[in-house]
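Right, one structure below, let's go through it.
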Amino acid sequence: MIHLSIHKKLNTAPNGLQLKINATIEKGELITLYGVSGSGKTSLLRIISGLAEADSGKVTCNGNTWYDSTNGINTPPQQRGVGFVFQDYALFPNMTALENLHFALRKKQDPAIIEELLQTMELEQFRNHKPHQLSGGQQQRLALARALVQQPKILLLDEPLSAIDVEMRRKLQNYILQVHKKYNLTTLLVSHDIGEICKLSDRVLVLKNGRIEQSGRPFDIFSSHSLSGKFQFTGELIEISKESVVYILTVLIGNNLVKVIADEKEAKELTIGDKVMVASKAFNPVVKKIN
């Protein structure tokens, strides 16, 4: 269990955003931090990992105090047992995949975990490749493997899939779920992709102006202001076409394409790439944009 009760002024944010967080994350949860850019998501991950220090407050994990401003406690990052995957992966460009993993080993740690991770991430045949010789998806898997070398109990993911194409993104989401369960992790993910959040997360913390505005299950959070009906799905709008007096909306939901009829008013409120919810209302499918 992680408990956070912290305050930090973010001088790099517009108008010096005040990050004030009071939250508890249960052991084994996969939590997504969601909110607009600049709301404090990455800063919160960095405070948990020890890469940044709060101005005041307390951070505890499984009964151990990592940070306590009152008592002058601030456990170094390397002693917190946290794995961190950065948005840019932060791989060593002059090292092979195998060398990147060996570099992450603790002193006297059994290196057997490296072969296990290479197999889990399907990277065995790329062990001697350097990062520039790997695809974006392979680099992401390598970064994820490196974060797990020391077998942490906490995994922090800062938008690790944001620069990857849709097909690879789906595959890598499966890798994240796989390692989360296999290694009994407590995972915090930063993501703006609602479909991804719904697929991966047990709970969502919605940050706004440095504070937690909402907390709950993904479908409760993203459908609380939406339509009621016998079904609800979230997806991405990938095509709008006009046929006679109606519009046909094509929505990507998981691996499936769903076509929904809409009138002109509904269609003109939408653009390609919008995250939408498809729901039933009075027996007719309705598409609503998710903000």
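The values are calculated or read from the model by the stated rules, or taken from the named source; none is laboratory data. Computed from a predicted model, the values in this text were never measured in an experiment. Counting neighbours? That spans all protein chains shown, and the Cβs are built from the backbone with ideal geometry, glycine included. Accessible surface is based on the protein model in full, side chains and every heavy atom, while ligands, DNA and RNA are left aside. Shrake-Rupley method; radii C 1.70, N 1.55, O 1.52, S 1.80 Å.
What percent of all Cα-Cα pairs in the range 103-190 falls into each 10 Å bin, going from 0 up to the bin containing the maximum distance?
Binned Cα distances yield the sequence 16, 52, 30, 2.
Could you report the accessible area of SER215 in Å², rounded to 10, computed with a 1.4 Å probe on the protein chains as they sit in the structure?
70
Quote the relative contact order of the range 16-98 in percent (integer), defining contacts as alpha-carbon pairs under 8 Å separated by 6+ residues.
16
Quick one: accessible surface of GLU29, probe radius 1.4 Å, all protein chains present, in square angstrom to the nearest 10.
Its heavy atoms expose roughly 30 Å² to the probe.
How far is it, in nm, from the label point at THR250 to the one at LYS9 when both lie 7 Å from their Cα along the line to the Cβ?
Using points 7 Å along Cα→Cβ, the separation is 5.3 nm.
Can you work out the FRET efficiency for the pair LEU51 and ILE272, with r the C-beta to C-beta distance and R0 = 41 Å, to the nearest 0.05?
0.65
Name the most mobile residue of VAL204, VAL260, VAL276, meaning the one with the largest mean-square fluctuation, in a Gaussian network model of the chain with Cα contacts below 10 Å.
Ranking VAL204, VAL260, VAL276 by mean-square fluctuation puts VAL260 first.
Please give the FRET efficiency for GLU99 paired with LYS27, using the beta carbon to beta carbon distance and R0 = 45 Å, rounded to the nearest 0.05.
0.85
Give the relative contact order (percent, whole number) for the chain; include only Cα pairs under 8 Å separated by 6+ residues.
Computed value for the chain: 18 percent relative contact order.
For the range 1-48, what is the relative contact order in percent, using Cα pairs closer than 8 Å and at least 6 residues apart in sequence?
32
What is the diffusion coefficient of the range 135-278 in µm²/s, taking the Kirkwood radius over Cα pairs and the Stokes-Einstein relation at 37 °C with a viscosity of 0.692 mPa s?
Calculated translational D: 191 µm²/s.
What is the helix-to-structure angle for 166-182, meaning the angle in degrees between its Cα long axis and the longest Cα principal axis of the chain, kept from 0 to 90 and rounded to the nearest 10?
Taking Cα atoms only, the helix is inclined about 50 degrees.
Between THR65, THR32, THR234, find the one with the highest GNM mean-square fluctuation for the chain; connect C-alpha pairs within less than 10 Å.
Most flexible of the set in this elastic network: THR65.
Ordered by residue, what ³J(HN,Hα) values in Hz, to whole numbers, does the range 112-122 give under the Karplus form 6.51 cos²θ - 1.76 cosθ + 1.60, where θ = phi - 60° and Gly and Pro are x?
For the range 112-122, the Karplus-derived couplings read 4, 4, 5, 5, 4, 5, 4, 6, 4, 8, 6 Hz, x marking Gly and Pro.
Over the Cα atoms of the range 1-100, what Rg and Dmax result, in angstrom?
In Å, with Rg to one decimal and Dmax whole: 14.9, 44.
Just from its helices, what would the mean residue ellipticity at 222 nm be for the chain, if runs of 4 or more DSSP H residues each count -39500 (n - 2.57) and the sum is divided by every residue, rounded to the nearest 500 deg cm²/dmol?
Rounded to the nearest 500, it is -7000 deg cm²/dmol.
For a quick check of understanding: with a 1.4 angstrom probe and all protein chains in place, what accessible area in square angstrom does SER135 have, to the nearest ten?
50
For the range 77-210, what % of the accessible area comes from carbon and sulfur atoms, probe 1.4 Å?
So the carbon and sulfur contribution to the accessible surface is 48 percent.
Viscosity 0.692 mPa s, temperature 37 °C: Stokes-Einstein D of the chain from its Kirkwood Cα radius, in µm² per second?
158
Once both labels are modelled 7 Å past Cα along the beta-carbon direction, what's the ASN184-ALA112 spacing in nm?
1.7
With the cut-off at 23 Å, tell me which of the pairs LYS242/LYS265; LYS20/LYS288; LYS58/LYS108 have Cα atoms farther apart than that.
LYS20/LYS288; LYS58/LYS108
With axes computed from alpha carbons, what is the tilt in degrees of helix 136-148 against the longest principal axis of the chain, rounded to the nearest 10 within 0 to 90?
40
At 7 Å along the Cα-to-beta-carbon direction for both THR75 and LYS199, put a label point, then send me their distance in nm to one decimal.
3.3
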